[in-house]
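Inspection log for the structure reproduced underneath, given as C-alpha cells.
The values are calculated or read from the model by the stated rules, or taken from the named source; none is laboratory data. What you see is a predicted model; the values in this text were computed from it and never measured. Here the Cβ positions follow ideal geometry from the backbone for every residue, glycine too, while neighbour counts run over all protein chains shown.
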Amino acid sequence: MTGVVLATVLGALFALGTFLVLRRDVVRVVWGVAVVAQAANLYLVTMGGLAGIAPIGKFGKEGATGVTDPLVQALVLTAIVISFGTTAFALVLTYRVYEEHGTVDVGELGAAE
Amino acid sequence: MTAHAQPDAALLLAAIGLPFAAAVLVPALYRLVGERVAYVGAAVAAGSLALVFSQFDATGSVVVDWIPAYGIALRLYVDGLSLLVALLASGVGVLVFTYCGGYMHGKDAQPRFYASLLAFMGSMLGLVFAADLIALFVFWELTSLTSFSLIGHYSTSEDAVYAARKSMLITVAGGLFLLAGLIALYSVSGDALGARTFDLVAMLEEGEAMRAALRDRGLFLPVLGLVGVGAAAKSAQVPLHVWLPDAMEAPTPVSAFLHSATMVKAGVYLFGRMRPLLRSPEWEASLLALGLTTMTVGALLAVAADDVKALLAYSTASHLGLITAGFGFQSKLGAETGAFHVLNHAVFKAALFLVAGIVAHEAGSQLLSELGGLRRDLPLTAGVAGLAAVSMAGLPPLNGFHSKELLFEAAYEFAAHDGGLAWAVPVVAVGASAFTVLYSYRFLTLFLGERRAPHLDDRAALEHDGDDDGDERGADDGHGHGHSGGHGHADGISRPPLPMLVGPVVLAVAAVVVGLRPGLATGGVVGRAFEAAQFAPGATPGEGFSVAFPTELKPAVVMSAVTVGVGAAMVPVERRVRDAVRAVLARDPATADFYYDGAVDGLADLSGAVVARVQTGRLRTYATWILGGFAVLALAGHAAADPDLALELGDGVTVATVLVSLLAVLSAAAVVRAASHVAGVLVLSVVGLMIAVFYILAAAPDLALTQLLVETLLLVLFLLVIKRLPPFYGEIDRLRAARDGVLSLLVGAAVFVTVLASTAPTPDPFLRRRLLELAGFGGEEPVGFVTELGGGANVVNVVLVDFRATDTLGEISVVAMVAISVVTLLRMRDVGGAVFPADVAPSGDGTAPDGGRAEGEGDDATDGPESHDGGVDG
C-alpha cells in the first residue's frame, strides 16, 4: 500500500535524523530525535492507507470509495503529542546542561564526566 | 513386593508443597520461636517423610493440570527409585534440621538459612516425583538455585561467594544441556508414541521404540550426551566435580545434606531414571568411563586432601562415580549396585559430614594436619565415625560392603563376558576402592594416634600429619583450661550438644542394620528402586534382589580382599602417596579448577572489553551501537525471511503527496546543513509543516491540526532557548561525516526495506473495519454506535476520549509532567535542593520568566488534543 516512493521518503528521513543524532552539538541531537519521531509517525499513518475520506460523520460520504483508518490516526495523534513533550523536555535539558557545564558539545561533556 | 495401589495426588503434592509453604513462613516463625525454628524445620521434614511414606505401597503416576494448552502437566510418578531418594531426602532432612538446632546456634541470618534449606528439600522432593519433562527441569533448576543460596550462606566470605557462583554456573549450565536433551526427547516422542508428549513415564514404557526413533533421527548420541552432561554436572562427575569441594564453604549440615541425600543424588537419580530409556552399549561405555574415572580421581584427591571436609567432598565425587558406573552396566547387577549404593552412600556420608561438623565445632579446626587422637574427648562421635568410615571403605559387616561387592561382581561379569579391554573395568574398580580404604583410614586419624587440636593449644605436633598411629602420650586428661597456654588441657574440647549427636548416631545404627540385614533394604525400597532402574514401568517382576555375606570364594570376594590388602599396605606409605598426588596437582594444567578459573576469568575479561567499547559514556557511541545494531539485525532478518516486497507505487500516492514528502526530505537535508541554530530551527519547522500538509492529503485532519499546533509551540520554544545557547560550533570533519553517513545510509536502508516488507502483505484490518462499521460507514444501515453513544461524529476523537479515555488521560499527565519538569529545570538552578519554587529567588539572569513561558506552553499543549476533541463532541 505504501509503495516505493513513501519507503524512500521514510528511509531518507530516518537517515537524515540518524546523521543529526550523531552530531556533537546537543541541539542538533535534539533535532535529530525530532526528525526521527516525525518520520515514525508518518510511517504509521501510511500503514493506515492514504486513499479515502476522513473518518468523520457523513463528511463527503456521497460517492466516496473508502475511509482512512481511524485507529491509526488515533494512535498517531497520541504519538505526536508525546514526541512534542519529549522534544520540549530534551530542549530544556539542553539549556540546563549549558548552564551547568558551559557547553553543549557532547564530546566535551563526555570528557568532563 | 506387589505394589499396585495408585498414588494419592493430594498427599504427594502436600509432601512437596509442605517444605515450600514452611519456607515462606520461616521468617515469621523465627520471630516467634527464635532458633528453635530448626526443630520446626525438622517437624516439617518429618511431615514430608510421613507423607512420602504413606505412598510407600503405591506405584504409578497421577496428573495435576499445569499448562494444558502446551500439554505440560505436573505429573507425579511414584516408583521405587523416586521413593528411595524421596525417603532419603526427607529422612536425612529430619536429622539435618535437628543437627542445625545445635550447629547453627548464634549464627547469622538464620531465617534465610532455614527458608533456603526447606525450599531446597521441597525442590528435591519435587524433582524425584516429577515425571513430566518440563516439571522435572523446573525442579532440577530449583535445586540449583536454592543450593546457591545455601552454599553462599556466609555471604561476607569471599570463598563462599566464589563457591556459590561456581556451583551455580556449573550445575545451571549442566541444566541447560539437560533441557536441550529433554526437548530432543520431546521432539522424537511423536515418532515413537504417536503424539509428542512431555510424559516421561510413557517414554520409559516404550523404551525400545524411543531408542529406535532416536537412532532413526540420529539423535541418540546427542541426547545421551546432553542428558549425561546435565546429570554429570549435578552429580559432580570428573571433570565437572570442581564445584563440589568448594561447596563445603556452606555450613556443615548443608554439606551433609548436599553430599548425601540431595543435590548430587539428583544427578545419579537422573541416571537411574533414564536408564530404562537409554540403556545401550553406548550408554554402558560412556557411563562406565565417566563413573570409573570419577571414582579413581575422586579417591586420589581425597587421599591428598588435608581439610577433612574436602576429603569427604572428594570422596563423595568418588562414590557418585561408583553409582554412575553401577547404573552404567547393562546387567541387572549394575542396577542393583546403583540403587543400593544410593542408600548406603547417603547413610554413611551424612554421618561422616555430621561428625566432621562436630569435630570442627568442638576442636576448632577441620584440618587433618592439626587434629588427632580425639577419641577420648569425643567417644560417641568417634564410635559413629568408626562405623561410618568402615562402611565407606567397604569393609564387612557394614552396608557399604554389599554395594561395593555388587560393583565388583558386575565388573567381573562384564569383563568375563566381553574380555580383552573390558578387564580394565574390574582393575580400575579395585584400584579406586583401595584408595577408598586409604582415605577412610585418613579420616579416622582424627580420632586415632597422638592427641592434637587447636583448642588444646598444642601445636607442637603440627608438623606431623597424624600418621604415626600408636603413639599415645595420654598427657591430656581433661583438667584445666585449654586456652590458658599450658600443654594439653582437654577443656578446650567439650562434648557436642544432644541435637548434634542424634543424626550421626541414627545414621550409624542404620549403617549397621543394613550391613547385617541387607534384605531389609533389598527386599524393600532398594529392591523396588532397582526394578525402576532396570525395567520399564509396569513390567517389574516385583521381586527385588537379595545379597548376603559371601560364603564361598567368588571372584568378587577375591577382589575385595585385594582391595583391603592393597589399601592396608598403603597405610604405612600413606604420606608418600599423598605427596605424589599433591605433586601432580601442583601443576596447574592437571587440575580442573585451572580450566574453570581460566574460562570464568576469560569470560569476565571479554565482557569487560565489550563493555569498554560499547559503553564509553559518549552519546555517539551508544547511538552508533544501538542504531547500527538495529539496522544490521533488521536487514539480516529481512534477508533471512525473504519477504515479498511491494515494489509498486501504491494506492493514494498522488503528485501532491509526492511533492510534499519530497519537500519534507529536502527541508530535513537543509536542517542537517544549516549553518546556524536559528536557520536549523526554521527549516525543522518546515519539515513539520510539510508533514502536516501530508496529513491533510492523507485525509487525517485531526493529525494535521495537532501537528500544526505542536510545530508552532516547538518553534517558539526552540527560538526562546536557542537565543541563550552559544551560536553554533562543531564543524564536521570529513572522516567522521563519512562514517556517520555510512551508518545513516544503513539505517535508512533498513527502514526502507522494513517499510516495504511490513506493508506489503495487507492483513485483514479487522479493528479498522469494525470501527468503521460502528461509526456507520460500512453497512447499509448506519449503526450509529459512535455517533449516538460516543456523542460525536469524528471517529478519531471518539476513540480518544471515549474508547481509550484512560490512555488519553495518561497522555495528558505526561505532558503535565513535562511542563512541571521544564519549570523545575529552568527555575530551580540556584536553589540547591529546595523543593518549592515559591521559595525561589530568581537569579536575575532571565531564567525565571523563561521558565514561566515554558510552563504556559506546556499547559497549552495539554489542552491541545483535548480541546479540539471537545469541540467536535459538542
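Could you tell me how many of the residues in the stretch B:576-588 are assigned to a helix (DSSP H, G or I) and either closer than 22 Å to B:ASP159 by Cα or in contact with a helix residue (DSSP H, G or I) (Cβ under 8 Å, 6 or more places away or on another chain) (or both)? Matching residues across the stretch B:576-588 total 7. Only a single criterion out of (1) under 21 Å from B:VAL430 (Cα atoms); (2) surrounded by 13 or more Cβ atoms within 10 Å (Cβ to Cβ) is not satisfied by B:GLY527, namely (1). Just so you know, in the stretch B:594-621 the residues that are surrounded by fewer than 13 Cβ atoms within 10 Å (Cβ to Cβ) and not in a helix (DSSP H, G or I) include one that is farthest from the other protein chains (Cβ to nearest Cβ), and it is B:GLN615. B:GLY372 fulfils the conditions (1) closer than 26 Å to B:LEU446 by Cα; (2) under 38 Å from the mean Cα position of the chain (by Cα) except for a single criterion, (2). One residue stands out in the stretch A:20-49 among those that are within 7 Å of chain B (Cβ to nearest Cβ) and under 8 Å from the mean Cα position of the chain (by Cα): the one that is farthest from B:ARG734 (Cα to Cα), namely A:LEU42.
Only one of B:THR624, B:THR657, B:THR591 is in the same structural domain as B:PHE752 (by TED's automatic domain parsing) and either surrounded by 15 or more Cβ atoms within 10 Å (Cβ to Cβ) or at pLDDT below 90 (or both); which?
Every option except B:THR624 fails the conditions.
Scanning the stretch B:128-146 for residues that are assigned to a helix (DSSP H, G or I) and touching a Ser or Thr at 6+ places or on another chain (Cβ under 6 Å) yields B:VAL128, B:PHE129, B:PHE139, B:LEU142, B:THR143, B:SER144, B:THR146.
Is it fair to say B:LEU88 is under 24 Å from the mean Cα position of the chain (by Cα) and farther than 28 Å from B:ALA335 by Cβ? No. Listed here are the helices (runs of 4 or more DSSP H) enclosed by the stretch B:478-541 that have at least 2 residues being over 30 Å from B:MET274 (Cα atoms) and at pLDDT below 85: B:498-516. The single condition from (1) closer than 30 Å to A:VAL104 by Cα; (2) under 33 Å from the mean Cα position of the chain (by Cα); (3) among the polar types (S, T, N, Q) that B:THR621 fails is (2). Considering each residue of the stretch B:292-304, count those that are small (Gly, Ala, Ser), crowded, with 24+ Cβ neighbours inside 10 Å and either without any contact (Cβ under 8 Å) to a residue 12 or more places away in the chain or over 14 Å from B:VAL242 (Cβ atoms) (or both), and give that number. Of the residues in the stretch B:292-304, 2 are small (Gly, Ala, Ser), crowded, with 24+ Cβ neighbours inside 10 Å and either without any contact (Cβ under 8 Å) to a residue 12 or more places away in the chain or over 14 Å from B:VAL242 (Cβ atoms) (or both). Screening the stretch B:170-185 for residues that are in contact with a Phe, Trp or Tyr (Cβ under 8 Å, 6 or more places away or on another chain) and among the hydrophobic types (A, V, I, L, M, F, W, C) and picking the one that is surrounded by the most Cβ atoms within 10 Å (Cβ to Cβ) gives B:LEU178.
B:ALA38 fulfils the conditions (1) in contact with a Cys (Cβ under 6 Å, 6 or more places away or on another chain); (2) surrounded by fewer than 22 Cβ atoms within 10 Å (Cβ to Cβ) except for a single criterion, (2).
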